[in-house]
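One structure below.
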Amino acid sequence: MAIKWRIIHLNEVDSTNEYTKRIAGNSPEGTVVVAKRQTSGRGRKGRSWASPEGGLWLSVILKPGRIDPRLVFVGALAVVDTLADFGISSGIKWPNDVWVSGRKIAGVLTEGKGSEYVILGIGLNVNNPVPEWLRESATSMFELTGTEIPLEKVLERLLFHLGGWYRVFLERPDLLMVKVREKTFILGKTVRVIQDEGELAGRALDVLEDGSLLIETPFGSKRVTYGDVSLRPI
């Protein structure tokens, strides 16, 4: 059964994830909060995320009955497929970023409350200007296509793909991970993973069935469940 979307449009909000958390307990699965602007948008580990008007900033309530780290890939794959609909080829930088030609175009953030709900937040640069200090590391759909794209069209395609990948996650998570491996462009490359307890460097070998990253280091293969990944020349 296809998920039914219930969209709440806001002009401005502190963070769509924070707003959605406030209503998640009494809202049905498929509730989507979309804001024109976020004043306190954030990414992983509470990092600030520039969210001016022109971008697509949204959070979705999902109720799969469990918290699963692989849900972040549902959002990432939906973004990859949406970009492809507009002629943009992209890939996943494990675990939660979508990149185009070495620059970030989208980020995905999941937060949950036990078995009650999971909030899937997505920030996608569409027509919004990329700040000067981020131009070397970030891009937008407008910059890549040279055309302003109606946000409602991007939202429609994103929710279409999100519903499809969420169903795959629920019914055949193994197939979800096949696609994740196909789209994770860091595999085979030398990477540096920064974690709270230190740094790990090696060659990214695989994304395992549980969503973790397998890295080959001088001291043997290591399984990484979280961290910030950066690329190093091989």
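Things worth noting here:
- Each Lys or Arg adds one and each Asp or Glu subtracts one; over the other residues with Cβ under 9 Å from the Cβ of SER137, this totals +2.
- Of all stretches in the chain that contain no GluC sites (Glu not before Pro) in a DSSP loop with at most 16 other Cβ atoms within 10 Å, the longest one is 1-115.
- Taking the DSSP bridge list for region 1-147 and keeping only pairs wholly inside it, about 75 percent are antiparallel.
- Tensor-based shape of region 82-132 (alpha-carbon gyration tensor, a/c under 1.5 rounded, otherwise prolate or oblate): prolate
- Region 175-234 and region 48-110: distance between their alpha carbon centers, rounded to Å: 18 Å
- Förster radius 35 Å - calculated FRET efficiency between ILE3 and THR145, Cβ distance, rounded to 0.05: 0.75
- Per-residue ellipticity at 222 nm from helix content only, as computed over the chain with -39500 (n - 2.57) for each DSSP H run of at least four residues, stands at -8000 deg cm²/dmol.
- Remark on VAL130: its backbone amide H falls under 5 Å from none of the residues 5 or more positions apart or on other chains, H modelled at 1.01 Å from N.
- Shape of region 30-156, Cα gyration tensor, a/c cut at 1.5: prolate
- When all alpha carbon pairs of the chain are counted in 10 Å bins from zero, the resulting P(r) reads 8, 34, 37, 19, 3, 0 %.
- Accessible area of region 121-234 divided out per residue, in Å², using a probe of 1.4 angstrom: 54 Å²
- Anisotropy class of region 129-212 from Cα gyration tensor, a/c 1.5 cut: oblate
The values are calculated or read from the model by the stated rules, or taken from the named source; none is laboratory data. The structure presented is a predicted model; accordingly, all values stated were derived computationally and were not measured. Cβ: placed from backbone, ideal geometry, glycine included. Neighbour counts: every protein chain shown. Note: areas computed on protein heavy atoms with side chains; ligands, DNA, RNA excluded. Shrake-Rupley method; radii C 1.70, N 1.55, O 1.52, S 1.80 Å.
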